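Reading through the structure tokens given below for one structure.
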Amino acid sequence: MGRHADPSAPTRSVSPVLIAAGVVVLLLAGGLTWWGLASSSGDDGPCAAPRDVRVVVAPELGGLVKDLLAEPVAIDEDACAVAAVSTQAPLETVANLRALEDSAVPEIWVPDSTLWGTRAGGVQLDSAGSMTSSPVVLATNQTAADDLGWVEDPPTWGEVLDAQRPLAVPDLNATVEALMAMAAVHTSLGGGEEADNRVVQVALAAARGTVPAPAEAIAAAVEGGADAPLGALSEQEVLATNREAGTTALVAMYPADGSPVLDYPVLRVGAEDRAMRAAVDAVAGVLTSGEAQRAAQDLGFRGADGAPPTGDLAGIREEAPEELALDATAVQQLLSRLASLATPSRLLAVLDVSTSMRAPVGEGTRATLARDAAKSALALLPESAAVGLWVFAYQLQGDQDWTELVPLRPLAADADGVPQRQVLSSALDTVPDRLSPGGTGLYDSALAAVRAARDSYDPDYVNSVVLITDGTNEDDDQGISLEQLLTSLRAEADPDRPVGVYGIALGEDADLAALEQIAEATEGGAYSAVDPSDLQSVLFSALAGRR
């Protein structure tokens, strides 16, 4: 069903990690490849000098490209190009372009978006034009669309996140529609720190499993209901779903600030040899021809110029939406930030419980604010994350300024019959009742936390300490100085077991300068929440900014 369905080929799952040599064997064995070979007619025929051109195309265009290149393509009166067409998810092709020898890569690649080209490393790619296009839209059923009121009065991409309705976000590394949608949200929100935080929240929620996968979102929408989730899909996938269902199962909604567009570029890969370049150009000419455009429109795509699909337009509109242009470099940077979240966190949270945390903020205190922000972040972290919890003030446990409330364990771990996530949530609830007089043992606690995180270091995780405080170090008589702390952190730093400290200064009295020096010594980060109500967004910034 939908955009990734090739009606002439069986459905195939997409794997983001390939063994390149194995892919070559499959391709040569014919497992994924259709050979558009025609018999030579001898020296007197147009194929007296046939030249093979390997073409790799996104799966949804596979059947069409096979049909278009079913016969040899004339180059001149003595030669022709014979196409070997294979379908492959763009992520897999990117992996092959980087890993395979030049003799094994395709001469022509037709991914769904030009954005993939920025991920192909130093591979020479030259566009011959666009084969077809399809805008990225928001999709749900008619009942939900009417309930939202977005068909007649569409939101901006940034406003979509405020709809209190789950937005299906698959693996951003593997599917360009989701990446485009998140880039559109980021652009719509101004591209600053707030935009980063909102996108990070969506990405973490997706990893947490609290939003449906696209296939689940489509199924839920098709089944009906005003509470159906939203999916970021190509317009062609909406139309293909409706045509297959024989009804308007999905409705496309077009955000007010425009839609990113899948442009299906026809990319020449290498082809420095003049004779080979002529063969590649001949095949590329077929794929960018008016015939190809019209055939794609029959399948629910738009023309390269935005001309509407032909036939039934159930669920979509005839007029092309305004294109929301995305900067390829900025999108790649966003992907890199989001990809860093793919490696699970091993995070030791260290919260200040000195009496200054009793200062009022809104309807609560700094302590209740820290509790709520930490619980909100905890709710987003996936089961693969590992989290522990300490609190610190002054001599909480004998002469020790800190105490461990929950050991560092995976959130899915069983802690005496109770999931670690629940143990942490319950422990966080007790934080406002743990406030202790006497001062703040910031430096001793920071050093102890880094040592503890390093002692339990796991190379499969991003190991870090998140330290939240609203004050300055007040343990000068018995504790270490800032200079001693920084000296110890630098001397004990282990490149094989890096532990970054991410310090959050809560309020105007917090010692941000000290946290910045601690962060620098551990290659971590320091953040300021001068207005304590900003703590939640700052905490998300710390999570997003981890190494």
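Every number here is computed from the coordinates shown, using simple stated rules; none is lab data. None of the values given here were measured: they were computed from a predicted structure. Backbone-built Cβ (ideal geometry, glycine too); neighbour counts: all protein chains shown.
One chain, two ends: E520 and E322. Fully extended at 0.36 nm per residue, the span grows by 66.8 nm beyond their Cα-Cα distance. Taking a ≥ b ≥ c as the square roots of the eigenvalues of the alpha carbon gyration tensor, region 472-516 is oblate, as a/c is not under 1.5 and a/b does not beat b/c. Each residue of region 409-419 was assigned a 3J(HN,Hα) from its phi angle through the Karplus expression (A = 6.51, B = -1.76, C = 1.60, θ = phi - 60°), giving 8, x, 5, 8, 5, 8, 10, 6, x, 10, x Hz with x at Gly and Pro.
Go through 369-376, 98-105, 462-469, 226-233 and give me the packing order, highest mean Cβ count within 10 Å leading. Present the calculation step by step, with values, prior to reporting the outcome.
Numbers: 369-376: 21.2, 98-105: 13.2, 462-469: 26.2, 226-233: 23.0.
Highest mean packing first, the order is 462-469, 226-233, 369-376, 98-105.
Legend: calculated FRET efficiency, D312 to Q332, from the Cβ-Cβ distance at R0 = 41 Å, rounded to 0.05, equals 0.65.
Between S127 and A48, the FRET efficiency from the beta-carbon distance, with R0 = 30 Å, is close to 0.45.
Each label was represented as a point 7 Å from its Cα along the Cα-to-Cβ direction; for D67 and A275 these points are 3.4 nm apart.
Projecting label points 7 angstrom from Cα along Cα→Cβ for A379 and D227 puts them 1.6 nm apart.
For I504, nonlocal amide neighbours, meaning residues 5 or more places apart or on other chains whose placed amide H falls under 5 Å from its own, are L467, I468, T469, Y527. Once the Cα-Cα distance is subtracted from the 0.36 nm per residue extended length, the A99 to D455 segment shows a gain of 124.5 nm.
Considering only the other residues whose Cβ falls under 13 Å of the Cβ of P419, what net charge follows from Lys and Arg at +1 and Asp and Glu at -1? Net local charge, P419 excluded: -1. A simple spin-label model places the labels of D372 and A219 3.7 nm from each other, with each point 7 Å out along Cα-to-Cβ.
Please label the shape of region 376-442 as rounded, prolate or oblate, based on the square roots a ≥ b ≥ c of the eigenvalues of the alpha-carbon gyration tensor (a/c under 1.5 means rounded; beyond that, a/b larger than b/c means prolate, else oblate). Intermediate values should be presented prior to the final figure.
Values: a/c = 2.43, a/b = 2.16, b/c = 1.12.
In terms of gyration-tensor shape, prolate.
Annotation: extensible slack from A491 through D399 equals 30.7 nm (criterion: 0.36 nm per residue apart, minus Cα-Cα distance). Dividing the mean sequence gap of close Cα pairs (under 8 Å, 6+ apart) by how many residues region 344-544 holds gives a relative contact order of 23 percent.
Using the crude model of +1 on Lys and Arg Cβ and -1 on Asp and Glu Cβ, and no other charge, please compute the dipole size for region 344-544 relative to its Cα centre, in debye to 20.
580
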